[in-house]
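To start, the structure itself, in structure tokens.
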Amino acid sequence: MRKRIDKTNHFISVFDEKSGFYVRSGVIEDGKDIGKDPFMAEFPELIDIGIMGHCIHGEKGLCLLSGVQCYQNGRDIHKENMSVQNFEKIASQCKDRTFQFALGGRGDPDQHEEFEEILKICRKNNIVPNFTSSGYGFNQKIVELCREYCGAVAISWYRSNYTNGAIQSLIEAGVKTNVHYVLSDSTIDEAIWMLKKNGFPQRINAVVFLLHKPVGLGDSANVLKSDDKRLKIFWELINKKVFPFKIGFDSCTVPGLLNNVENLSPDSIDTCEGGRWSAYITSDMKMLPCSFDNQKMNWSVDLEHFTIEQAWNSMQFNMFRKHFLTSCPECPDRDKCMGGCPISPEIVLCEKKI
């Protein structure tokens, strides 16, 4: 169990490295928690690191064939994977400051040529590594590495034998295994059916629903609209049905949760954490508040010239945070939602016009 005292923003956060349990206090004044959620951390508590600069499966179009439109555009963009030296540079700056690294990028991180060394560097610097994969290139060696070093592993729902094979291999090895499911106009019907019929693999830890974003290969026409009648059915299932696994959502979905989910504890959700609790680093060492800015690079800071702490406190990151501080000022839910996504406002599941 690790405890972190944020002296700048006056709160305490606690992270259990084994269970993944995370909790933070409200703002503390005169030794008392005043019940106000802190706006941000003085250093990112989680960093999403794009160790993959290219996707070895991109030319095969596996994402598109599976119905997932890669927001990193792994089909068309080819850059060098992150070097071990650069990864070690990141990890050393984050030692005892950042709880977790989410490994990702433009391709499956388990296919990085130095994947094992990267996992070892994480643990050497007291950081828990997690990652998401299609499972396409999985083998027993990768599974053993997951069991030894990782907190949890997520397999993207690619509707294939290799998807199920990777999930079953991880479960059999005792690895906490989640399914990441992209919710879009083209997948919402399947999601409803699978929730109704218990169609997800047995013994998984959780299904985490991620909103489709119109970034990279993501088609704007595939964005779910807040007034879609099928969403009403989806939310009703979330409200009423008991599942044999946990249900999770990415922070992009929070406006939809606030508007549609009953008995929702504010303590169980966090709106967009980009630039407030987390950041993204590309394979070529550009730091961004969020990975969905990976191609336009509107808020990037070059880590070849600046430290992670300097990037976190930069003008670019402060400009990104301005959205959360100023959006929807009259809305009674603004402190829980903060206006949703600054990058793709069309994905925000809210019909309020405040």
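The values are calculated or read from the model by the stated rules, or taken from the named source; none is laboratory data. Please read these numbers as outputs of a predicted model, since none were measured by experiment. When we count neighbours, we look across all protein chains shown, and the Cβ atoms used for this are built from the backbone with ideal geometry, even at glycine. Accessible surface areas use protein heavy atoms only, side chains included; no ligands, DNA or RNA. Shrake-Rupley method; radii C 1.70, N 1.55, O 1.52, S 1.80 Å.
Among the residues of the range 279-316, those that are within 19 Å of S83 (Cβ to Cβ) and of a type in the set (F, W, Y) comprise Y280, F306.
One line per residue, one yes/no per condition, for (1) among the aliphatic types (A, V, I, L, M); (2) in contact (Cβ under 8 Å) with a residue 24 or more places away in the chain; (3) part of a loop (DSSP other than H, G, I, E, B); (4) within 25 Å of R159 (Cβ to Cβ):
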residue	(1), (2), (3), (4)
S19	no, no, yes, no
A41	yes, yes, yes, no
C70	no, yes, yes, yes
A102	yes, yes, no, yes
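When F249, F292, F306 are checked against the criterion of being within 30 Å of W193 (Cα to Cα) and surrounded by fewer than 23 Cβ atoms within 10 Å (Cβ to Cβ), F249 stands alone in meeting it.
Residue-by-condition table, conditions (1) of a type outside the set (V, I, T); (2) surrounded by 15 or more Cβ atoms within 10 Å (Cβ to Cβ); (3) touching a residue at least 40 places away in the same chain (Cβ under 8 Å):
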residue: F15; (1), (2), (3): yes, yes, yes
residue: S25; (1), (2), (3): yes, yes, no
residue: I34; (1), (2), (3): no, no, no
residue: D37; (1), (2), (3): yes, yes, yes
residue: I47; (1), (2), (3): no, yes, yes
residue: G53; (1), (2), (3): yes, yes, yes
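Are any of the residues in the range 74-92 within 26 Å of V208 (Cα to Cα) and either open to solvent by 20 Å² or more (accessible area, probe 1.4 Å) or in contact (Cβ under 8 Å) with a residue 24 or more places away in the chain (or both)? Scanning the range 74-92 turns up at least one residue that is within 26 Å of V208 (Cα to Cα) and either open to solvent by 20 Å² or more (accessible area, probe 1.4 Å) or in contact (Cβ under 8 Å) with a residue 24 or more places away in the chain (or both).
Every test in (1) open to solvent by 20 Å² or more (accessible area, probe 1.4 Å); (2) at pLDDT 95 or above is passed by N198 save one, and that test is (2).
Looking at the range 238-331, what helices (runs of 4 or more DSSP H) fall wholly within it and have at least 3 residues that are out of contact with any Cys (no Cβ under 7 Å at 6 or more places or on another chain) and at pLDDT 95 or above? Break it down into steps so the answer makes sense when it comes.
Values: elements: 254-260, 308-312, 315-326.
Once the helices (runs of 4 or more DSSP H) in the range 238-331 are filtered for at least 3 residues that are out of contact with any Cys (no Cβ under 7 Å at 6 or more places or on another chain) and at pLDDT 95 or above, what remains is 308-312, 315-326.
Residues in the range 156-195 that are open to solvent by 20 Å² or more (accessible area, probe 1.4 Å) and of a type in the set (S, T, N, Q): S156, S160, N161, N164, Q168, S169, N178, S186.
For the range 217-246, filtered to residues that are charged (D, E, K, R) and under 15 Å from L258 (Cα atoms), the residue that is most open to solvent (accessible area, probe 1.4 Å) is K232.
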